[in-house]
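Here's the structure, in structure tokens; my notes come after.
The values are calculated or read from the model by the stated rules, or taken from the named source; none is laboratory data. Model, not experiment: these values are computed from the prediction. With ideal geometry, Cβ positions are generated from the backbone for all residues, glycine too; neighbour counts draw on all protein chains shown.
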Amino acid sequence: MNLREPLLEAAITLLDKGGPENVTLREVGRIAGVSRTAPYLYFASKSALLAAIATQELRALERTVEDLPRETLTAWDMLWHAIRHYVSWAQERPERFKLVFSTWESESDELRRAADRAAELLVELIVRCQDEASLPKGDPWVLAAAIRAFAHGAATLELSGHLLVQDRQPLNAVYLVENYLAAIPFLAPGNDAPAGPQRDLARKVG
């Protein structure tokens, strides 16, 4: 009997309730209904277990992008859906979000491959947006890094309660990222307005 999935589910339950500090291999075994030493047959250490959770979360994010209907959505629509899902995931699963983007204590080839693939998928979307003229030309890796950094920062600030506007009212990270994406075409030299369907969104920024 393969206990890997039940053990991962138990570990995620503990993670969601109290962060990485709340996860121990013995407690994972107890919640999964197996001996407290059984988890060691599948995960050499707590760090390896946390790396497996991070890998699973990254792959779930990747599937969200890969499953988008390319036949009916523009590249811009796909990019927006992907970024919106990323920010919503951070809001709904904050401990998983923090784990995935924390310093990894375990050298895991699977985790590295999952992280690389997630980055590649975002770059592929950026290139498609550039091809349809909804984003400006330029190094797609740099643009992808900027979008990802902004989305990550907005999500992190909202989680910590520091995403505020002038009247010190909370600002929604999804709304902020939406307006940031809409403003990107203005940053390209010689561009006076976005070429894609984000034109109406951009009016909110000004």
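Things to note:
- Per the listing SER45, SER88, the residue uniquely over 21 Å from VAL177 (Cβ atoms) and either touching a Gly at 6+ places or on another chain (Cβ under 9 Å) or modelled with pLDDT under 95 (or both) is SER45.
- Residue among LEU25, LEU7 that alone is surrounded by 20 or more Cβ atoms within 10 Å (Cβ to Cβ), outside the structural domain of GLU132 (by TED's automatic domain parsing) and either in contact with a Ser or Thr (Cβ under 7 Å, 6 or more places away or on another chain) or in contact (Cβ under 8 Å) with a residue 40 or more places away in the chain (or both): LEU7
- Qualifying residues in the stretch 149-206 (those that are among the hydroxyl-bearing types (Ser, Thr, Tyr) and either under 18 Å from ARG93 (Cβ atoms) or outside the structural domain of ALA119 (by TED's automatic domain parsing) (or both)) - the one modelled with the lowest pLDDT: SER160
- Neighbours by Cβ (under 7 Å, 6+ apart or cross-chain): first from the stretch 95-118, closer than 12 Å to GLU57 by Cβ and touching a residue at least 24 places away in the same chain (Cβ under 8 Å); second part of a helix (DSSP H, G or I) and acidic (Asp, Glu): GLU95/ASP16; ARG96/GLU57; VAL100/GLU57; ALA118/GLU62
- Of residues in the stretch 41-64 being of a type in the set (Ser, Thr, Tyr) and surrounded by fewer than 19 Cβ atoms within 10 Å (Cβ to Cβ), the one nearest to the chain's Cα centre (by Cα): THR64
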